[in-house]
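Q: Take a look at the following structure, please.
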Amino acid sequence: MVSSGRKKWFALALILSVQFMTILDIAIVNVALPSIQLDLGFSQENLQWVISAYALVFGGFLLLGGRSADLLGRRRVFMFGTAVFTVGSLLCGLAWSEASLIGARAIQGLGAATLTPAALSILVAMFAEGRERNVALGAWGAVGGVGAAAGVLFGGILTDFLSWEWIFFVNVPVGVAALILTPFLLSESLDKHGQGFDVPGAVLITSALVLLVLGITQGHGWGWTSGKTIAVFAASAVLHLAFLAWEHRQRDPLVPLSIFVRLQTLTAANIVGFVLGTALYSMFLMLTLYMQQVLDMSPLETGVGYLAVAGTAIIWANVAAATVTRVGVKPALVFGMSLMTVGLLYFTQVSADGSYWSDLFPGFLIIGLGMPFAYVPVTIASVAGTKPQEAGLASGLINTSQQIGGAVGIAILSTIAVSTTTDALQTGAQQPVALTDGFQAAFWAGAAIAFAGVLVSVFLVRGRDLQQQEALAVEPVLDPAAG
C-alpha cells in the first residue's frame, strides 16, 4: 500500500500525463497537416480549422468545465472529460472528410475543456501552499511548454512511420489507462458553497470567440471591408458585451469579474497566458510550414528538427521550477518572456534558400530555454491569492487564456502570412520566396505580441498578490489519503 505522502506524487504523475496529452494534441497535428490535406481533400482556407476547432472549443468551455468540477466533483468531472477526449481521439483517427475531422476535433476540445481545469484544481487542493505546491505547479507549467514542443516531434515520427491517423489513435490507450488508475489515485472533492451553473454565460462567450476567429480567418477572402466581414466582427462584439452584462447581473456568474479587480497578478497572468498561446502555437504552425514547404523537409525530419526545442525545454524545466522558488515569479516570468521575444525575432531572418542549422537551430535553443521560464511562473501567478473554492475558476481562466490565445494567434498570424504571400506572388515572386516573406511577416507580428507579454510582466505582476498566496491559510479540500 502506497503511503499518502507518496500517493499524491503518483497522483500528480497521472494528472500531468493526461494534461500532457491534451496540450500535445494542439501541436501534434501541425506536422501532419499536409498529409491530412491530401488524404481528406481539405481546402487551404479550411485546413487551419483542424487546429482552431480544438483550441476554440477547448478555450470556450474551460470556464464552465472548471465550475462543473467544483460543483459536481473534481474526480468525477476529470474522468468524464478523459472519456470524452478519448472517444474524440478515436473519432479523429477514423475521420473520412473535412467535416468529420473538424467535428471530432471539437469533441476532443470539449473533453480537454472538462478534464484540464478539474486536473489543475485537484493539484492545487492536494499540495500545501509554498514550496510543495510551487514544485507541483512548476511541473504543470513545464508540461504546458514541453507538450507544445513535443507535439510537433511526435507528430512527425507518427506521420512518417505509420500515418496521420496515429497522432490521434495514440491517445486512446493513454486515456483508457487514466480512467483505470483515477479511482485508485484521486479522491473526490467538491465545493459546497452552493453556486450554480452559468450555461448562458458559457454559450455567449464561446459564440463570441468563435465569431471573432471566423472573422479573422475569413476576412482576407471575404474582403476586410465587405458586409459579411463587418457583420461577423460586429456580432462578436455584441456577444462579448452581452456576456459582460450578463455576468454583471448574475448571482453566480461563470466569471466573477470582481476577481480581476481583487487580484491584479491573476489578471496579469491571464494576459501573459493569452500572449503565450498567441505567440507559441502560431509559431509552431509557421515553422512547420516553413520546414516542409520551403526547406522541403519530410514530416519525420520536421519532427526530429523540433528535438532542439523539446530537449532544451525538458532540460531546463526543473531549473525553471527551482528558480521560481528561489528568485520569485516576476523575475523568472520577465526572463522567460524576453527569451520568447528574442527567439521569435531570430526567426524573422528565415530565408528561401536557408538551412535548418543556420535559420532555425539557434532560435529553437532560445525558445526551448524561454518556454519553461515563461510557463512555470505564469502558472503559479495564475492562482496567486485565490481561495480554495476559486481553484476551478482560476484553473479555467489561465487555460482559457492560453487556448483562446492559441486560436486567435493562429488566425491572425496565418492571415498575415497568407496575405503577404499572396501579395508577393502577384508581384512576380517565386513561390518559396513568397512563402518565406509571409512567414517573416508572421514572426515579426509574433515577436511584437511576445514583447507585449514582457511589458505586462514588468508592470502588472506585483509582489503583494504573490505574498498573499503564501500567507493564505488554506483549508484542505482534498485528502490524498482518502479512498
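Q: Any chance region 205-213 includes a residue that's more than 21 Å from the chain's Cα centre (by Cα) and either among the polar types (S, T, N, Q) or under 25 Å from LEU62 (Cβ atoms) (or both)? Don't jump to the end; show me each part of the working.
A: As a first pass, look at region 205-213 and keep what is more than 21 Å from the chain's Cα centre (by Cα): none.
Within region 205-213 (the criterion being more than 21 Å from the chain's Cα centre (by Cα) and either among the polar types (S, T, N, Q) or under 25 Å from LEU62 (Cβ atoms) (or both)), the answer is no, since none of the residues qualifies.
Q: Among the helices (runs of 4 or more DSSP H) lying completely within region 40-113, list those that include at least 1 residues that are farther than 17 Å from VAL29 by Cβ.
A: Working: elements: 44-47, 49-72, 74-93.
Qualifying helices (runs of 4 or more DSSP H): 49-72, 74-93.
Q: Looking at the structure I just gave you, is GLY368 in a helix (DSSP H, G or I), small (Gly, Ala, Ser), modelled with pLDDT under 85 and more than 20 Å from ARG133 (Cβ to Cβ)?
A: Numbers: in a helix (DSSP H, G or I): yes; small (Gly, Ala, Ser): yes; modelled with pLDDT under 85: no; more than 20 Å from ARG133 (Cβ to Cβ): yes.
Criteria not met by GLY368.
Q: Could you check, for region 110-117, whether at least one of its residues is under 30 Å from LEU365 (Cα atoms) and at pLDDT 80 or above?
A: Applying the first criterion (under 30 Å from LEU365 (Cα atoms)) to region 110-117 yields 112, 116.
The next check asks that each one be at pLDDT 80 or above; those that pass are 112, 116.
Yes, region 110-117 has at least one match.
Q: Does ALA237 satisfy being crowded, with 16+ Cβ neighbours inside 10 Å and assigned to a helix (DSSP H, G or I)? Don't jump to the end; show me each part of the working.
A: Numbers: crowded, with 16+ Cβ neighbours inside 10 Å: no; assigned to a helix (DSSP H, G or I): yes.
No, not satisfied.
Q: Does GLY303 count as small (Gly, Ala, Ser), under 30 Å from ARG462 (Cβ atoms) and part of a helix (DSSP H, G or I)? Let's see the steps before the verdict.
A: Values: small (Gly, Ala, Ser): yes; under 30 Å from ARG462 (Cβ atoms): no; part of a helix (DSSP H, G or I): yes.
It is false that GLY303 is small (Gly, Ala, Ser), under 30 Å from ARG462 (Cβ atoms) and part of a helix (DSSP H, G or I).
Q: Turning to a different aspect of this structure: Going through region 25-45 one residue at a time, which ones are farther than 14 Å from PHE168 by Cβ and buried (at least 18 other Cβ atoms within 10 Å of the Cβ)? I'd like the intermediate steps shown before the answer.
A: The initial filter retains those residues of region 25-45 that are farther than 14 Å from PHE168 by Cβ, namely 34, 37-38, 41-45.
PRO34, PHE42, listed by residue number.
The values are calculated or read from the model by the stated rules, or taken from the named source; none is laboratory data. Since this is a predicted model, take the numbers as computed values, not measurements. Quick reminder, even Gly has a Cβ in these numbers, built from the backbone with ideal geometry, and neighbours come from all protein chains shown.
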